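Taking it in order: structure first as structure tokens, then the write-up.
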Amino acid sequence: MSLEDDLYQEIILENYRSKKNRRKIEGASLHAEGANPSCGDDLELFLSIEDDVVTDASYEGVGCSICCASANLLCESLHDRSTQEAREILKQFKGMLLDDLEPDFADEISDLEAMQGVKNYPVRIKCALLPWNTLGGLLDGVQ
Amino acid sequence: MKQSTFDRQDSVTLDLDHLRAQFPMLQRRMRGKRFAYLDNGATSLKPESVIAAEQHYYTELSANIHRGVYEFSEQATVEYDQTREKVARFIGAESDGSIVFTKGTTEAINVVAYGFVRKFFGPGDELVTTEIEHHANLVPWQEACKATGATLRFIPVNPDGSLQLDALEDVITERTKLVAVTAMSNVTGYMPDLARIIAAARAREAVVLVDGAQYVSHHPVNVRSLDCDFLVFSGHKMCGPTGVGVLYAKNEVLEQMDPLIYGGDMVTKVRRDEATYKPIPDRFEGGTPNIAGVIALGAAVDFLSQVGMQAIAAHERDLLAYMVERAREVDELVTYGPDDLSSRGGIFSFNYADVHPHDAGALLDQEGVAVRTGFHCAQPLMQVFGVTGTVRASFYLYNSTEDIDALVNGLARIKGVFG
């Protein structure tokens with residue numbers, strides 16, 4: 001498989017270019033900054049949560065295509081999920097990249113599987129995980 | 001008798017095929033492609049003679065230095081100290097100065113930050129550096145200033161990453177006690193006019209540290225004509241092993257300093273409550289040093305001296321000129337650093353349109369091209385450029401125009417993915 005097949009697939013490039021979730025949420029219930037000091041990727045994640053359900057998710061910042069695509073997919077996948085469901089998606093996503101586990105995402109968020117190829121490029125795994133690790137930190141703060 | 005393959009210092013051409021054959025890494029392929037190693041700013045490849053010298057120590061000596069009374073320990077001590085002499089000759093430091101071995105440039109700067117700045121500086125004193133420095137020549141000063149109450153000041157930088165030397169007199173004042181500046185930026189290859197900076201420092205009786213990590217391995221250096229108090233550099237960027245670096249210091253300054261590392265091998269007499277210390281430079285080399293690394297650094301100095309530093313510098317100037325010329329073919333390239341190539345060493349930093357440097361680097365890797373991507377341990381300079389990172393190609397004696405062609409051809413692959 002070439003890098004273009006593995007990493008730079010159309011789904012990833014579309015999510016990288018998408019501006020839909022690349023914005024600040026004023027008055028977000030939760031927000032946190034995540035950074036990879038070795039490469040300068042630096043983003044801020046915003047979540048709006050009402051009655052334990054994610055009503056909106058967005059991000060801002062700078063990162064490579066893998067990092068930004070991953071952040072956009074994260075935002076897309078969290079809409080209308082409970083914080084418990086969000087934790088489950090996070091767990092599956094990390095398992096897919098770190099433990100080589102076969103993911104089982106719901107159909108409407110199966111685009112997340114496009115990130116699976118990243119596991120073949122160890123130096124880029126941290127790019128893909130940055131938004132998710134930032135999410136993990138946010139969810140840890142939710143009772 | 002074996003003839004030297006290389007002309008002496010007046011030569012400006014290198015026998016690249018012969019040179020490249022001496023580097024085992026250049027015989028490898030990367031991602032199935034010809035290996036175009038353009039990350040020499042990060043570390044250099046090693047010739048067989050350096051690898052053999054490191055192995056020689058472990059297979060034929062393997063003894064500690066300055067201690068044993070047996071043959072192999074004596075021989076190890078002799079070879080270790082010979083490297084000190086070789087390095088001194090290499091930078092023109094045979095008299096009035098000392099060579100201290102450290103584990104690298106970063107440690108060498110910390111020896112000065114702890115042993116000099118923290119010892120002698122206080123509130124009201126100023127330390128002058130620049131925004132183009134590698135973090136290694138910035139963070140130790142930040143901390144030393146915090147600890148002593150001294151103030152850190154900066155020679156202003158132009159948008160192209162060169163320094164505003166007209167402002168020297170405003171920044172270097174009677175309060176300045178140390179000026180710490182790079183001889184060559186690891187991001188743009190810009191080489192500031194050191195003579196002018198050092199003259200301004202001398203006029204204020206300030207001590208001068210030159211960060212030679214990017215410069216010493218690529219250009220002839222003479223510390224006496226440069227008239228710096230400290231010159232720091234790393235072995236691994238000059239065909240030597242990792243884990244060994246050099247602090248050159250003028251004896252009159254080094255004599256006043258405290259060591260960073262205390263312990264064995266740097267003492268003359270130890271009693272329960274106090275100790276006395278060896279003369280310089282041994283006082284600054286506490287503990288068992290990187291003996292194999294130092295001996296192999298000696299082989300690296302021999303190798304570079306034989307090739308000739310003038311010839312290496314000229315070769316890299318040619319490569320930079322070729323790189324700049326080829327880069328003009330690619331409209332999408334945004335480049336960094338002064339346009340005046342005579343003020344630059346063999347480093348070329350760029351971005352491909354707004355493609356993130358990591359994406360560009362990952363695609364170049366697929367073409368067998370090794371470049372550095374990111375902020376290059378120089379975040380303040382990235383802020384000057386208004387970017388989070390760049391792609392950096394950095395050249396050395398074994399690079400050819402073929403390597404640059406591979407890089408330029410690789411840009412097509414970036415265009416293929418990102419448009």
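The values are calculated or read from the model by the stated rules, or taken from the named source; none is laboratory data. Everything numeric in this text was worked out from a predicted model, so none of it was measured. Note that each Cβ is placed from the backbone with ideal geometry, even for glycine, and that neighbours are counted across all protein chains shown. Only protein heavy atoms, including side chains, enter the accessible area calculation; ligands, DNA and RNA are left aside. Shrake-Rupley method; radii C 1.70, N 1.55, O 1.52, S 1.80 Å.
Condition check for A:G117 on (1) out of contact with any helix residue (DSSP H, G or I) (no Cβ under 7 Å at 6 or more places or on another chain); (2) modelled with pLDDT under 95; (3) under 30 Å from B:H376 (Cβ atoms); (4) open to solvent by less than 60 Å² (accessible area, probe 1.4 Å): one failure, at (1). For the stretch A:55-94, give me the residue count where each residue is open to solvent by 30 Å² or more (accessible area, probe 1.4 Å), within 14 Å of chain B (Cβ to nearest Cβ) and out of contact with any Leu (no Cβ under 6 Å at 6 or more places or on another chain). The number of residues fulfilling the criteria is 2.
Among the residues here, A:L7 does not qualify as within 13 Å of another protein chain (Cβ to nearest Cβ) and at pLDDT 95 or above. Could you tell me whether the stretch B:334-346 includes any residue that is in contact (Cβ under 8 Å) with a residue 60 or more places away in the chain and under 24 Å from A:G63 (Cβ atoms)? Scanning the stretch B:334-346 turns up at least one residue that is in contact (Cβ under 8 Å) with a residue 60 or more places away in the chain and under 24 Å from A:G63 (Cβ atoms). Scanning the stretch A:35-54 for residues that are open to solvent by 10 Å² or more (accessible area, probe 1.4 Å) and touching a Leu at 6+ places or on another chain (Cβ under 7 Å) turns up A:N36, A:I49. With respect to the conditions (1) part of a helix (DSSP H, G or I); (2) open to solvent by 70 Å² or more (accessible area, probe 1.4 Å), B:D81 lacks only one, and its number is (2). Checked against (1) modelled with pLDDT of 95 or more; (2) surrounded by fewer than 16 Cβ atoms within 10 Å (Cβ to Cβ); (3) over 28 Å from B:G389 (Cα atoms), B:D96 passes all but a single condition, namely (1). In the set B:D318, B:D365, B:D359, only one residue is away from chain A (no Cβ under 12 Å) and either over 20 Å from the mean Cα position of the chain (by Cα) or charged (D, E, K, R) (or both); that residue is B:D318. Cβ contacts < 7 Å: first residue more than 20 Å from B:D125 (Cβ to Cβ), restricted to the stretch B:203-232; second residue of a type in the set (S, T, N, Q) and surrounded by fewer than 17 Cβ atoms within 10 Å (Cβ to Cβ), any location; separation 6+ or different chain. Result? Matching pairs, first to second residue: B:P220/B:Q310. Listed by position, the strands (runs of 3 or more DSSP E) enclosed by the stretch B:281-395 that each have at least 1 residues that are of a type in the set (K, R) are B:372-374, B:390-394. A:L43 - would you say it is in contact with a helix residue (DSSP H, G or I) (Cβ under 7 Å, 6 or more places away or on another chain), within 14 Å of another protein chain (Cβ to nearest Cβ) and in a strand (DSSP E or B)? Criteria met by A:L43. Summed over the stretch B:11-31, the residues that are open to solvent by 90 Å² or more (accessible area, probe 1.4 Å) and under 15 Å from B:T401 (Cα atoms) give a count of 2. Condition test on A:A106, is it more than 14 Å from the chain's Cα centre (by Cα), more than 14 Å from chain B (Cβ to nearest Cβ) and over 14 Å from A:C75 (Cβ atoms)? Against the criterion (more than 14 Å from the chain's Cα centre (by Cα), more than 14 Å from chain B (Cβ to nearest Cβ) and over 14 Å from A:C75 (Cβ atoms)), A:A106 qualifies. Within the stretch B:379-403, restricting attention to residues that are away from chain A (no Cβ under 11 Å) and among the hydrophobic types (A, V, I, L, M, F, W, C), the residue that is nearest to B:Y336 (Cα to Cα) is B:F385.
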